[in-house]
Structures are given as C-alpha cells and as structure tokens.
Amino acid sequence: MDNSICPDGMETPEQQLERLVALRTQDLQSALDSARSLVDQAPCGLLTFDDAQRCVHLNQALLGWLGHGAPGMPLNELVAPRSRDALTAHVEALRQSGQSEPVDLDWLRVDGSLFRARLASTPVFDAEGHFLHGSGVVTPLDAAQIASAQDSLLRSITDRIPARLAYYDKNLICRFANQAHAARYGKLPSDMVGSPLSQVVRPDILPDILPRVAQALSGQTQTFEAARTAADGSTNYFEIHYIPDFQNGTVEGIFIELHDITERRRTEEFVLHANQDLEERVRSRSAELFASEQRYRLMVDAIQDYCIYFVDENGGITEWTESAQRLHWPYPLADHGPLL
C-alpha cells in the first residue's frame, strides 16, 4: 500500500514532517532576521569571528565607522599594524582559556585614518569544547575617556602607596594628591586639587620649604629630611623629595614625595643612646680597673723586704717590683736570663 497518498485528503506522516520542518525553518529565519536587525541597529560596534580569525559578520554601526569590512576578511586587517599583535593575543587567549581582558586598539578606517576603540569578546564552544567563534563588542574611546581611565588607574595605584605624593604646577597650584598626602591635612584628594601651596602648608613651615621649592622649579632636585608636628602633637620625621617636571626642556611643575621615616629615626636614636650608654659603662669600668691597678702597684712597690718577679711560661722575667730592682742594682734585670 502506498502511504504517500491519503484517500480522504489527509497529510501523510512524511508531508506533516516536511510542513513542520518548513514552519520551524521559517520561524528560525524570522528570529535570525530579527536578531540581525537588532545587532545592526545597535549603537555600538559588533562583530563575530571564526577560529581562523576571519570576520563572520560586522554590524552596520561598525561598518559605518570603518567604511569597509566583509565576511571572510582577516580580522587583523580591521586594525592598524601596531595593534595587530595585541588583537591576535586577545583572540588567542579567548580560544585557549575562554576569557580575555578587553583590549584597546587603533581601528583602521577605509580612508587610512585611525580611531581608538576597546574590544571586549566572548567565546562560543561546541559540546566537545572546541572553539566555534567569538563575538566582540567595539566601544569607541575618545581622548577624554582614555585620560579618565588612565587617571582612575593612576589614582587607584597611588592611593595604595603609603608615601605621600603630590604634584604642583609652576604656579604652585596642586594638580594631584594621593590619599596619604590629602589625609595628612585632613582632606580628600579632590579637595586638594586647585589649592595653592600657601593654603595647604602651615605658615610656620613655608619659610623652610619655599627656598627648596624655588630650587626645584629652577631644575634642581631637592632631597632632605625634616620633622613635622602631627595633629595630635607628636613629631614625625620625613624624607622629602622635590623633583622637577621637565616638559620640552622647561620645568612645568614639581613632584613632591614624602616618606615617613619616624620609626627609622627612633630606631637610630635608640641605637645611638644605647651605644652612648655602653661607651659610658666601658669608660666607667676602665677607670675602675685603672684605679684598682694603680692601688695594687702602689702596694707592691711599698714592699721593702721582699722581691716580687713576674715571669712567662719560659721562665723569663716580664716585670718586677722596685725592691727587686734595688736588689740587682747596678745590673738591669732586663739583662738577666730566665729566673730559674
């Protein structure tokens, strides 16, 4: 019996399967078109690339920025030569470990000009763990964004440093201060920026540091130690550096670096006092021993009826009393051989 023909007009199982597959394919194509439309309309640049680092798809935003790009195009051709090693390392890390840090690249427009943008990618693997493709988001970075990112990184680093760091321009206006430096004056780093040096430093300290600041602004690095009184009245000691900021041969400001050496100074003072105490004890003990030796010698020299000799292990005379000297006069005892 032929199952492909149904006498009552009903679909055969094969026809039903074909119709369901067609409907499913239509639904999937519709979903794909919708997703592609969303990708192409996204305000950021989107791309996908395969295992061979070839472009699979670029959305309209990225194509608009670049002015070129097509499926099958090597990914490296989208960026400037100086960024290609970084891009290759980014994709390779994604393939090997499944993750890779975002990377800032110089992207190449069709007219040869460049623009700076950050690429953040995620991978897709098959059930066996083989890399299928990567999807990347391209976000342009303007100069202000780059400067802000760099400043945030710099502040994050310097705020973790115990040394007090600051930068003053040639007009002695604070342009940067780390957390430790600002905390010394009971302020936040943001409160320090824009403040003149004369409003930051106590008036009694200004006469001491202004000549050194002037030397630094003239191009001479200054390194010195100074004592500073803390808010609680205690005295702290600092090793201070004023370093000129040369730009195109001209000093545009100074870097200020202060290291707290209070514990080191206290240790040095403790050692100094301990050495002085030890020296005084040695002098006192030496004086006692000298006085004792003198008393002993006077007592020995006062003996008239006995002669006392000091001899070494060979029997040679090394020292004698006045009474022994008188006994052997006029022959010096030094001319005598062994006593025994």
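Accessible surface calculations at 1.4 Å, restricted to protein heavy atoms, place segment 50-152 at 53 Å² per residue.
With all protein chains in place and ligands, DNA and RNA left out, the 1.4 Å accessible area ranks 85, 169, 260 as 85, 260, 169, largest first.
In this simple spin-label model, placing a label point 7 Å from the Cα along the Cα-to-Cβ direction at both residue 116 and residue 20 gives a separation of 5.7 nm. For the peptides 176-185, 115-124, the ranking by mean Cβ contacts within 10 Å, running from highest to lowest, is 176-185, 115-124. Under a 5 Å amide H cut-off, with hydrogens placed 1.01 Å from N, residue 108 pairs with 79, 80 among residues at least 5 apart or on other chains.
Using a probe of 1.4 Å on the protein chains alone, the accessible area found for residue 133 is around 60 Å².
The values are calculated or read from the model by the stated rules, or taken from the named source; none is laboratory data. Source: prediction; values computed, not measured. Every residue, glycine as well, gets a Cβ built from its backbone with ideal geometry; the counts of neighbours run over all protein chains shown. Calculation scope for accessible area: heavy atoms of the full protein, side chains included, ligands and nucleic acids excluded. Shrake-Rupley method; radii C 1.70, N 1.55, O 1.52, S 1.80 Å.
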